[in-house]
Every structure is written in C-alpha cells, then in structure tokens.
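Have a look at the structure below, then the notes.
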Amino acid sequence: MRAHRLRPIELLPWLAAVAAYFAFGSYLPLGSQIMIMILFALSLDLVLGYAGIVTLGQAAFFGVGAYAAGIYAVHVSGEPLSGLVIGAAAAAVTGLVSGAIVLRTSGLTLLMLTLAITSLLEAAANDATSITGGNDGLQGVAIDPILGRFDFDLYGRTAYLYCLAVLFLSWLFLRRLVHAPFGRSLVGIRENVVRMHAIGAPVRRRLLTAYTISAAFAGIAGALLTQTTQFVGLTVLSFERSGEVVIMLVLGGTGRLYGAFIGAAVYMIAQDQLAEADPIFWDFWIGLLLVLIVLFARGGILGLADRLTLPPRRR
Amino acid sequence: MTAVLETVRLCKRFGGVAVANDINFRLEAGARHALIGPNGAGKTTFVNLLSGRLAPSAGRILLGNADITRLPQAQRVKRGLGRTFQINTLFKGLPVLENVCLAAAEHAGFGARMLRAAGAQRDTMEHAFGLLDRLGIADVAALPVKELPYGKQRLVEIAIALALQPSVLLLDEPAAGVPSAESSVILDVIGQLPESVAVLIIEHDMELVFRFARRITVLVQGGVLVEGAPAEIAADPRVREVYLGERQHD
Amino acid sequence: MDAVVSILFLGLAYAMVLYLISVGLSVTMGLMGFVNLAHGVFAMIGGYITVTLMNRYGISFGVALLAACVGAALLSVILERTLYARLYGAGELEQVLFTIGLVFMAVAVVHKLWGPLPQPIRVPAILDGQINLGFRSFPTYRSFLILVSLALTLALWLGVERTNFGARLRAAVDNRRMAESLGINTGQLFTLSFALGSGLAALGGGLGADILAIYPGYAMEYLVYFLMVVAVGGLGSIRGPFVAALLLGIGDTACKYLVPQLGAFFIYLAMIGLLLWRPAGLFGRV
C-alpha cells in the first residue's frame, strides 16, 4: 500500500543514465535511442501492462507523433519543445479516435483493429508523398537549439540530455498516474472487468482515457526520435515497431513500469551488438526468446528477479 | 410507501424462452426480502435484470422514483444499487484491502483521479479497513484474495458491496459454496446489515431464509408464484408442492 | 464494362486465395478461442514447398500441391500437440506473443533457406495462357484457381454440413462445454480441424503463389489481411469469411485499379468501417 513512496532503488536508472553520460561518451546516440524506446515501452505498459489491452498498434501513435513533429519542424518551426507538444497532441487525437473504435471490441477483433489502423496510417503516410516524403521519408528536418541555447551537437550530447529530461518528466507523471486511483482502477479492469462494472466504474471511459494518455506519450517518444535523428521514415508506422515495443515490454515485465526500462535497455543493447552480425538470426533468436518467455518466464526479467529474490510463498 | 426498488411487468426472453415472465415486484425501504424458488426458476436472471447486467425484453425497473430500465450497470451502482455475485467475482490477484478500496474509491467519486490525493486516499483505506474489521477479516487485509479460504472470499464479496454504501443490496446466494462451518459468519453479517439498507437475498438455504426474511417471494419458471410473510409461505400448499416435487427428484 | 469484368475476375481469384487461407483461422478461433497469429506460416510453407518441389525437383503441380498440403498439416499437428496445447488456458497476450515468436522463427528459417527474394512460379504448361470464352478471354491459371477454390469451398461446406465430423465441429464451436458433456472429444476435434485448416492454408498459399508472392515476409505482411477476413466474417463462422474475403479481394483489386495512388488505404478504411457496424463480424455471434 505504500508503493507510491519513492524507494531508493528507483533512483538507480537515473543514476545509471547520468553515469553513462560520462562513461560511455561514444555511445550517446544509442543511449538516446534507448531512452526513446523506454518512453515508448512505458506508454505501452499503461495500456497493456496495467489496463490489459492487448494491442499490436502502438506504433500508430509513435508514428503519428514522429511525423507530426517532423512536418511541424519542416513547415512551421524548428523549435523542439513545441514540436514535442505537437507530436503529443497529434498522437493523443489519434489515440482518442482510434480508441473510440477499438475499445468497443475485444480479443482477436481488437488486436486486428489495432493492426489495421496502423496499416491504414502507414498506407496514408506512404501515399501522401508531398507531405510525408512517402517511401523516401521526410527530409530536411532541422531542429533549433533547445530553449534557444542548447544546440544539437554531433556527439549527441544535447540529444542525450534532452531525451533524459523528457523521459524523467514523463516517468514522474506516469508513476504518479499508476499509483493514483486511476491507475489502480486500470488494474481492476484488467483483473476483473465484470466486477469493475459492478462497482460503478465507467469502464469504457476509463479505458479510453488511458488509451489516449498512452498514445500521447508514444507520440512524444516518436517526436523525440524525429528531433534527435532529424528524419522520419515509414518504419515508424510499421508492424515491426509495434511488435518490437511489445517484445521489449514483455522482456522486462509488464505492469511494473520498470519492466519498460529493463526490457528496452536490454533489447536495444543486444540488438546493437548482435543484429549487425546476422540480422536474420536476430529475428530467429527474438522469436525463440518470445516462445521461451511465454513458456517459462511470463513475468519477464523482473518476474525472474522476483522468483530469485523474494522469499518463497504461495503465488 | 414508495418502494425503493420496483419492477413493473418485467420480462426477459431468450429466443422463444421466457426466463422472466411479467414480474411485478416491490422492495420496501429497510426490507429483508428473500427470493426463493427451484433451480432454473430465473432468480439470478432477475437479479441480473435488476442490476443491469441483462437488458429486459419488456417492462420497467424503478429505483425510488427514477426509471432505471435503460440505465447501464455502473450508473445503477452510482444510484445506490449494490450486488454480490453467486460465484465470487473478485480481484483474485489483488490484496483484500485493495479489492474493497477500489469499490470505495469509485463510490467516493475519485476512481478517475490521476494525481494522488493523499488525504482522501487515506480516508478510503481507513473506511475499507473498518469494513473488513466489522466483517471479521481485517487480519487478512494484505493477503491476495486467492489465498483465502472460500468462506472468507465470500465475505470479501459482501465487503465490496457494502463499500458502495448501497441503499439497495442484492445478495445472490451469499452462502453458496461455503462449508457449513464457515457459513455462520456470513449469516451473522447479513443479520447485522444496517436497517437503512433494503436487502433482497436469493437463497436456497431455507434455514437462512426463514431466520432472516420478513417477506418472501417465490419464483417459479420465471414468474412469481406467491409472495408474503414467511409463515404464509411456509404454509402455502403450492410452495410445498414446488419444493416437494423438487426434492423427489433428488 | 471490360474493366469491371476484369476487376471482378481478378478480385474473385484473390478472394478465393484469401478464403482458403483464412477459413482455418476462423475455425481455430471459434473452436478454441486461441489467437493463432502464426496461421500465415502454414500458407507460406505451403507456397514454399509447392514452388520448390516444382522448380527444383520437377514434380508436377498437382502432386506438389498435395505434398504441400499434407506437409503443412503434419507440421501443424506436431506443433499443436507439443506446443500449442500447453497454452489453451493461457491469456490472450501469451497466445499472441507465442505465435508471433513462432512467426519470427519461421521467417528467419525460411529466409536462411530460400533467401529474401520472392520465389519464381512456373505455371504448368496446360494452365498457361488464356481461355477464350467468346465475349472475352480470361487468364487460364486464374480461371483454374477460381474453379478449384470454389470446388474446395463447396467440399468444405458440404463436409461441415453433412459429415459426422462436421456436426461435431459445429456443436463444439457453438458451445464447447455442452459438446464435451455430450461426449465429444474436443481436444481431438481441435487437432483435426487445426490440421485441416493448416492444410487448406497451405493449398491457398501454393495455389495463390502468383497473387500473394512467396517470400519471407509473407507470414507477417499478409497477416493483417487474414485477420481482417476472419474478424469481418465472424469468428468461428465458415460462411462469413467467404463473404468477407469477397469484399476484401474484390474491393482491394478495385481500389488498386481505380485509385492506385491510394493503394491499400481504402480497403483498411472499409474493413474498419464494417467492423464498427458489425463488431462481431458479418456472420458472427454477438
């Protein structure tokens, strides 16, 4: 019941991030990517881990945020903070509209709708070449210095700290959210939706709110990607993106907030080291990993850690 | 006397089968009303219609003066209609206290709060804990529900309903599945329910019914056979036939 | 007018392929509620086996198709008994992750063995060219494809309506617990229908190799189409996906013909719209 109090171990990721800034100077771009993926995975955890909505369409919001920020930078202003807001807003609207559609259904139909909506957006981005650059991607995304002072440098230092700050603030908000009555009611919906109806909870509205918030944060992650890489390609809306973030979250452990941190970090680092060598077998091992996780380690890395560290009790 | 809960010619058909047939029912304020009948009479269906899990084919449902026939479940709960389920419908993986807190939070109207209002949450927890204490399960408040024996889980089911501070409480076979050693606790709890709450209880256990009810409705094949005070019902030959007939099949 | 006929014809051929592949998925979902996203793998394998037997070993088209069908069915039985069966009670997320994992593995294996490029299809000589029906000519292969698929569909429908197996299947899809209490061995039923569905999918993959190109991305790229056919048709239904496949096949062909710059956009929109109108599918149970 006291979970909302900040425990010392929760400061660990932030200390690690700051330490990495100084220790791994040449890996800062990877570090930024990791933090963007952590944010992406956090957004998914809200709907998948906490609310229990099985979706393969989170990339829709990531992609909308990415493109919105990119188009904003190209046509309106290169100011990054407002770009983040634009990305979040566009993604939130997408989340609201698609959520209103998708959340009327369940199971396979819901899953299929999330896939179809993402494919729809991908097709739209592909076709609207004049706005999105189509298959070639959006070029010429130039980002101004943050707050007029911090220029994006070649070593990725500014980008790293920028991503770190955004991730930190997002985490603060999401952490508060999941410990608040709202977050706990999402868990209730996941655990027994019949009971939630029977205690007077407006389930559909609650889920739609969660879906929209989740979309907004996915959109922020996408916008960060655009701003730090100065490019948007079609892959931000791909099935692979959606699948990847689900894998990252499950790898770390769903419904625990920190699963997103661990899963994204482990996945991205492993991918950086292993996928270069043999991308085809990277897919094979990821597939095998998924099968093994489902069969033996459903709680992901954090679940395994629990089993090893907590005293044995009837689970 | 306005009834706190009333149905007017309530019907429910599944295909060609009428599981609820023109039911006229009144629940008075402060009632201790039992609904009995043989298996398959449609008792749980009736409760599902009252609580909003099922939409009626015809007829009306009134809560106080308001027509709630078209109102979804959650809204009926907000207006003071609480229920328990025949089969435990709990958050099995969550602690007992959390089960009750979720209900209390919804009732207090801050189920959607995103910025943790620490003061209000503490109140909710204390209120929930007090409820558990009254039901005698405060000692297991931190345990996940699934680790409790069935009888205690049944009490959690009642605790959740009480946390909603209902004006009308529908209890669907509260003692069902509970070993007789543990059922006395449940009987006591029901006996101590506040007078301000109108209670409708579905039961098979005749001992419980006659101990607790001030009014009994007998439901047979979706329709009301007879309604009256316990003594009348016990003496009614039609009722005895319905139950005698059933016992012969056992 | 000519364009309309072409669109209908080509759309019908496409729809038939989609149906053959997707009907098994519909039955699987309806019978066991198991979300099998790896279903496309069987169609893919069917395509690879057919094409490889024909190209590399000179085996005739008919025999190659049969081998593909049987091969996929056998593989599905092995997978079902050893792995799938362990997850029947599991939650939806587990099933999704597991089957996606299988897809990833299958895609990697196929990529390693056959390379990334689409497999070349050599249509057998007698099926090459055009048939002249007087008012116009039609490609022979596509005509053959449509006729064979319709025949298979008819056989399937008759089988489900008339045979003992079909009756048991329908009962189990309708109400599994009731069927079990009547003594129907639903586990065995599921294995058999899983095999049947996978075999049909393999046939669809092999027959439809020039419509849905056989390449490693097959099982992922076309997955959303199979899912749409099943969801719009109605889970557990056998007729529903037929109508849905027609809508998708003809609709998609029409869009690609008439508004090529918008590609698949409209078809996704249409399918989403259909599901909004009928969330349980056209022939689904609410």
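Close Cβ contacts (under 6 Å, 6 or more residues apart or on different chains) running from residues in segment C:267-281 that are within 9 Å of another protein chain (Cβ to nearest Cβ) to residues that are surrounded by fewer than 17 Cβ atoms within 10 Å (Cβ to Cβ) comprise C:P279/A:R104; C:A280/C:V286. Apart from one condition, A:A260 fits all of (1) away from chain C (no Cβ under 13 Å); (2) out of contact with any Gly (no Cβ under 9 Å at 6 or more places or on another chain); (3) buried (at least 20 other Cβ atoms within 10 Å of the Cβ); the exception is (2).
Would you call A:L249 within 12 Å of chain C (Cβ to nearest Cβ), touching a helix residue (DSSP H, G or I) at 6+ places or on another chain (Cβ under 8 Å) and buried (at least 24 other Cβ atoms within 10 Å of the Cβ)? For A:L249, the condition - within 12 Å of chain C (Cβ to nearest Cβ), touching a helix residue (DSSP H, G or I) at 6+ places or on another chain (Cβ under 8 Å) and buried (at least 24 other Cβ atoms within 10 Å of the Cβ) - is met.
The residue that is farthest from B:R70 (Cα to Cα), counting only those in segment B:38-47 that are at pLDDT 90 or above and buried (at least 22 other Cβ atoms within 10 Å of the Cβ), is B:K43. Checking every residue in segment A:231-253 against the condition of being assigned to a helix (DSSP H, G or I) and more than 30 Å from A:A123 (Cα to Cα) gives at least one match. Taking (1) among the aromatic types (F, W, Y); (2) farther than 20 Å from A:A92 by Cβ; (3) under 17 Å from the mean Cα position of the chain (by Cα) in turn, A:F231 satisfies each apart from (3). Taking the listed residues B:V239, B:V178, B:V226, the one that is surrounded by 15 or more Cβ atoms within 10 Å (Cβ to Cβ), touching a residue at least 24 places away in the same chain (Cβ under 8 Å) and of a type in the set (A, V, I, L, M, F, W, C) is B:V178, with no other qualifying. Elements of the type helices (runs of 4 or more DSSP H) sitting completely within segment C:11-114 and holding at least 3 residues that are free of Cβ contacts under 8 Å to residues at least 12 places away in the same chain and within 10 Å of chain A (Cβ to nearest Cβ): these cover C:92-114. Note on segment A:132-176: among residues that are of a type in the set (V, I, T) and within 24 Å of A:A41 (Cα to Cα), the one that is nearest to the other protein chains (Cβ to nearest Cβ) is A:V166. Mind listing whichever residues of segment B:83-100 are in contact (Cβ under 8 Å) with a residue 60 or more places away in the chain and facing chain A (nearest Cβ under 8 Å)? Within segment B:83-100, B:R83, B:F85, B:T89, B:L90 meet the criteria.
For segment A:77-108, a residue qualifies if it is within 11 Å of chain C (Cβ to nearest Cβ), of a type in the set (S, T, Y) and surrounded by fewer than 23 Cβ atoms within 10 Å (Cβ to Cβ), and the qualifying residues are A:T105, A:S106.
Starting from residues that are outside any helix (DSSP H, G or I) and on the phi < 0 side of the Ramachandran plot, keep the ones in segment C:239-266 and report whichever is farthest from the other protein chains (Cβ to nearest Cβ).
Looking at residues that are outside any helix (DSSP H, G or I) and on the phi < 0 side of the Ramachandran plot, I get C:R239.
Residues being part of a helix (DSSP H, G or I), at the interface with chain C (Cβ under 8 Å from one of its Cβ atoms) and either farther than 22 Å from A:L174 by Cα or touching a strand residue (DSSP E or B) at 6+ places or on another chain (Cβ under 9 Å) (or both) are entirely absent from segment A:266-277. Being under 19 Å from B:V47 (Cβ atoms), of a type in the set (S, T, N, Q) and in a loop (DSSP other than H, G, I, E, B), is that true of even one residue in segment B:191-203? No. Condition (residue is within 14 Å of chain C (Cβ to nearest Cβ) and either under 18 Å from the mean Cα position of the chain (by Cα) or among the polar types (S, T, N, Q) (or both)) applied to segment A:177-198: is it met by at least one residue? For segment A:177-198, residues within 14 Å of chain C (Cβ to nearest Cβ) and either under 18 Å from the mean Cα position of the chain (by Cα) or among the polar types (S, T, N, Q) (or both): present.
The requirement of being more than 11 Å from every other protein chain (Cβ to nearest Cβ), of a type outside the set (S, T, Y) and buried (at least 16 other Cβ atoms within 10 Å of the Cβ) is satisfied by A:I301. Does A:A123 satisfy the condition of being within 14 Å of chain C (Cβ to nearest Cβ), of a type outside the set (D, E), surrounded by fewer than 24 Cβ atoms within 10 Å (Cβ to Cβ) and over 20 Å from A:L44 (Cβ atoms)? When the stated conditions are applied, A:A123 passes them. From the list A:L308, A:L288, A:L237, the one residue that fits, being more than 8 Å from chain C (Cβ to nearest Cβ) and over 20 Å from the mean Cα position of the chain (by Cα), is A:L308. Scan segment C:120-133 and tell me whether some residue there is surrounded by fewer than 18 Cβ atoms within 10 Å (Cβ to Cβ), over 27 Å from A:I280 (Cβ atoms) and touching a strand residue (DSSP E or B) at 6+ places or on another chain (Cβ under 7 Å). There is at least one residue in segment C:120-133 that is surrounded by fewer than 18 Cβ atoms within 10 Å (Cβ to Cβ), over 27 Å from A:I280 (Cβ atoms) and touching a strand residue (DSSP E or B) at 6+ places or on another chain (Cβ under 7 Å).
The values are calculated or read from the model by the stated rules, or taken from the named source; none is laboratory data. Note that the structure is predicted; figures quoted are calculated from it, not measured. Neighbour counts are summed over all protein chains in view; Cβ atoms, including those assigned to glycine, are modelled from backbone coordinates with ideal geometry.
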